[in-house]
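Enquirer: Questions regarding the structure given below will be posed in turn.
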């Protein structure tokens with residue numbers, strides 16, 4: 001694969017620490033959510049960051065495929081939910097739900113476009129076979 005772009009970020013302190021991108025654009029304190037036994041509060045966490053990245057990436061893939069297929073779409077929206085849980089082997093895993101909004105297309109055409117985007121999206125390709133991803137049209 002020929003790289004087009006490479007992002008770099010550093011984490012210190014794990015889930016109760018700090019993350020920063022190499023260009024300092026992303027610079028956050030991270031904390032374990034209250035539901036996982038942490039202090040919670042006005043902090044982000046790895047699952048929120050993954051959800052934001054996946055949603056943005058999938059929406060871009062959706063619009064890329066629509067443009068490639070010459071399908072006119074406007075105001076598409078992707079809501080990503082990322083859950084974390086313990087696996088039977090003692091490790092941890094993720095589950096993802098993507099709620100995809102494609103206004104002004106019939107359900108069949110929107111479904112086909114969403115599925116094509118799922119094949120093109122780098123996040124989808126990176127986790128395929130490892131993470132359950134549920135796709136749903138809004």
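Enquirer: Can you name every residue in segment 27-47 that is assigned to a loop (DSSP other than H, G, I, E, B) and within 21 Å of residue 96 (Cβ to Cβ)? It would help to see each step written out before you state the result.
Expert: Step one: filter segment 27-47 for residues assigned to a loop (DSSP other than H, G, I, E, B), giving 31-33, 37-43, 45.
Matches in segment 27-47: 32, 33, 45.
Enquirer: May I pose another question? Pull up segment 106-138, narrow it to residues that are outside any helix (DSSP H, G or I) and in contact with a helix residue (DSSP H, G or I) (Cβ under 7 Å, 6 or more places away or on another chain), then point me to the one that is surrounded by the fewest Cβ atoms within 10 Å (Cβ to Cβ). Spell out how you get there, then give the answer.
Expert: Of the residues in segment 106-138, the ones outside any helix (DSSP H, G or I) are 106, 121, 128-138.
Those still in the list that are in contact with a helix residue (DSSP H, G or I) (Cβ under 7 Å, 6 or more places away or on another chain) too: 121, 133, 135, 137.
Numbers: 121: 24, 133: 19, 135: 16, 137: 14.
That would be 137.
Let's see how each residue does on (1) under 21 Å from residue 131 (Cβ atoms); (2) within 18 Å of the chain's Cα centre (by Cα); (3) not in a loop (DSSP other than H, G, I, E, B):
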position	(1), (2), (3)
11	yes, no, yes
24	no, no, no
49	yes, yes, yes
55	yes, yes, yes
58	yes, yes, yes
61	yes, yes, yes
96	yes, yes, yes
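Enquirer: Report every pair of residues separated by at least 6 positions or lying on different chains whose Cβ atoms are under 7 Å apart, first residue within segment 49-65 and closer than 18 Å to residue 27 by Cβ, second in a helix (DSSP H, G or I).
Expert: 53/123
Enquirer: Filter segment 63-85 down to the residues that are in a strand (DSSP E or B), over 12 Å from the mean Cα position of the chain (by Cα) and exposed (fewer than 14 other Cβ atoms within 10 Å of the Cβ) and list them by number. Spell out the reasoning first.
Expert: Residues of segment 63-85 that are in a strand (DSSP E or B), as a first pass: 77-85.
So of that shortlist, the ones also over 12 Å from the mean Cα position of the chain (by Cα) come out as 77, 84-85.
Across segment 63-85, the qualifying residues are 77, 85.
Computed from the coordinates by the stated procedures, all read-outs in this text should not be read as laboratory data. These numbers come from a predicted model, not from an experiment. Note: ideal-geometry Cβ built from the backbone for every residue, glycine included; neighbour counts use all protein chains shown.
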